[in-house]
Every structure is written in C-alpha cells, then in structure tokens.
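Visitor: Take this structure first; my questions come after.
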Amino acid sequence: MKYTAHILALTLLFASGSVFTHENQAHATPKQFDASQVEATPFGQEGDPKKVTRTIRVSMNDRMRFEPGSLTVRKGETVRLVVANKGAVLHEMVLGTAQALKEHAELMKKHPGMEHDAPSMAHVKPGATGEIVWQFTQAGEFQFACLIPGHFEAGMVGKVAVK
C-alpha cells in the first residue's frame, strides 16, 4: 500500500510543475541513511550501508540488458548493488514487484520527464556507476528494470530470487 502511495506521490510531484528530466537529476552526493525514514515495501526496504553483507555488481547496456540478468539473495540480507552503465544512453535500475514495475513503466511513458528518487532506484549516466543499498526482507521473486520509456518494453528487466 505504501508503495502505491509512493507512486501516487510521484505522479503529484510531476503535476506540480517542478519537474526535471532524469538527465538533469544530480545524484553526485549520496544521501545519508536515516533509519527513521525507512519504509517497508513488498520487496524489502532501504538498507543500512553499515550492515551490507555483500556487494553485487550489475552492468547495463544499450542492448537493453542487465548483466547478470538474475540475482539470488537471502531473506534479510542487505546488499550493495553497484550498477554500471556501459552504454551510451541513460539507464536506470529500479527494484520492485513485477506488477509495480509494469505500472511505473506505464506512468513513465505518459510522463517521461517525471522526477523521482527513491532508495530502490539508481539513475546512471553513460560511463558512470550508481548504487542501491537494499535489505531484502521478504522471500519471493522480484524484479529490477530500466523504466526509461522504451527500455522496459525492449526487455530491460531482471529477476531477484529472495530465498
């Protein structure tokens, strides 16, 4: 429910007029972790960087693929996803349920310049890296995807198995 509310809030932000495209977002300064601001989602929650147990490297490319295309983590594990953009265009990695990512991708097609930033996503310029620190609190199968219009539809989706 909170995740749906988060998407609604993002839509309202877009409607407010204070919008920038993904390309204009500045993500150079990592935000400080604040445990009091962590919100649980059906696929986990923002992780405490001090509790990372493993770093997983994922690359994105202009063939609209993630490498590796699937990840396996343990329930409760906090991982640092280091996401490298090996392509020539902007890509992003967004964690979520299959349904939530599909809905978000549709929203992005309607509002391609929508500004948003959440702990479960990293927008990465060509040749750069980004990171997500995430605690996978729920067992199940989840996904990660690039929701930039056209990328999701081209198959830029991966799987996360939480066991």
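Nothing in this text is a laboratory measurement; each read-out follows from the coordinates by a stated rule. Note that the coordinates shown come from a computational prediction; the quantities given were computed from them, not determined experimentally. Glycine also receives a Cβ, built like all others from the backbone with ideal geometry; neighbour counts cover every protein chain displayed.
Visitor: Once amide H atoms are built 1.01 Å from N in the peptide plane, which residues 5 or more positions from G158, or in another chain, come under 5 Å H to H?
Guide: Under 5 Å from the amide H of G158 lie the amide H atoms of F144, A145, each far enough along the sequence or on another chain.
Visitor: So, one more: Roughly speaking, what is the stretch gain from R74 to K102, that is 0.36 nm per residue apart minus the C-alpha to C-alpha distance, in nm to one decimal?
Guide: 7.6 nm
Visitor: Count the net charge of all other residues whose Cβ sits under 15 Å from the Cβ of V162, scoring Lys and Arg as +1 and Asp and Glu as -1.
Guide: Charge balance near V162 sits at +3.
Visitor: Quick check: pseudo-label points 7 Å beyond the Cα along Cα→Cβ at H111 and R57, how many nm apart are they?
Guide: 3.7
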